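Reviewing the structure listed below.
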Amino acid sequence: MLAIYPGSFDPVTNGHLDIIERAAKVFGKVIVAVTPNPLKATLFTVEERLEMLREITSKWPNVEVDSFTGLLVKYAKSRGADVIVKGLRAVSDFEFEFEMALMNRRLEPSIETVFMMTGAEYSYLSSSIVKEVVSLGGSAEGLVPEAVIGRIIEKLRGKGHGIAR
Ligand code: PNS
């Protein structure tokens, strides 16, 4: 089965990576799909996000990294996907994810949304909180992949003081 794991990934966190690894064990192939969310101001360009994801997921042969614009279900259908994978961190994620899953089903009934629970150690983790912590001088060690830490610091340097690794 082919699964699409969509998101902003601005940047990819260890929580995202945990879901990618779990999905890659369950599904024959996983496409990690980056989308530029016009409603969100992003730190990294789509190209930069793709580059980081490709670097980090290269160890899994059944994981592909791609980007799309427009409706997720249209992209999923065009790639021949069976499933959309979403990660759930906490009950607070549920309401919005439920809304999106039902809207996506209405738009494209042939594609199922499957929810996977992140490891408990990542339940508080989001790209936004990592960016905030780093911009205020805190460390991103253990929150995002090693390859991403330097890139966040580089991007945010000048905007914060005394940024730590
Ligand atoms: O990482 P994010 O920002 O939480 O991911 C949200 C994402 C990209 C999965 C969602 O915004 C999405 O599906 N965007 C694609 C546009 C779309 O299809 N919108 C209707 C969803 S019901």
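The values are calculated or read from the model by the stated rules, or taken from the named source; none is laboratory data. Because the structure is predicted, anything quoted here is derived from the model rather than measured. Positions of Cβ are backbone-derived with ideal geometry, glycine not excepted, and every protein chain shown enters the neighbour counts. The accessibility values were calculated without ligands, DNA or RNA, using every heavy atom of the protein model including side chains. Shrake-Rupley method; radii C 1.70, N 1.55, O 1.52, S 1.80 Å.
Odds and ends about this structure:
- Candidate set from segment 132-154 (those that are out of contact with any Lys or Arg (no Cβ under 8 Å at 6 or more places or on another chain) and touching a residue at least 40 places away in the same chain (Cβ under 8 Å)); member that is surrounded by the fewest Cβ atoms within 10 Å (Cβ to Cβ): G142
- Some residue of segment 108-128 being of a type in the set (D, E) and within 12 Å of the ligand (Cβ to nearest atom): yes
- The conditions of being surrounded by fewer than 20 Cβ atoms within 10 Å (Cβ to Cβ) and part of a helix (DSSP H, G or I) are met by E47.
- Residues in segment 155-165 that are open to solvent by 30 Å² or more (accessible area, probe 1.4 Å) and out of contact with any strand residue (DSSP E or B) (no Cβ under 7 Å at 6 or more places or on another chain) were compared, and the one that is modelled with the lowest pLDDT is H161.
- The set of residues from segment 106-125 being assigned to a loop (DSSP other than H, G, I, E, B), farther than 18 Å from F27 by Cβ and out of contact with any helix residue (DSSP H, G or I) (no Cβ under 6 Å at 6 or more places or on another chain) comprises P109, S123, Y124.
- Selection count where residues are surrounded by fewer than 20 Cβ atoms within 10 Å (Cβ to Cβ) and either in contact with a Ser or Thr (Cβ under 6 Å, 6 or more places away or on another chain) or over 20 Å from L17 (Cα atoms) (or both), scope segment 51-74: 5
- Candidates in segment 69-105 are the residues that are more than 8 Å from the ligand (Cβ to nearest atom) and assigned to a loop (DSSP other than H, G, I, E, B); of these, the one that is farthest from V144 (Cα to Cα) is G80.
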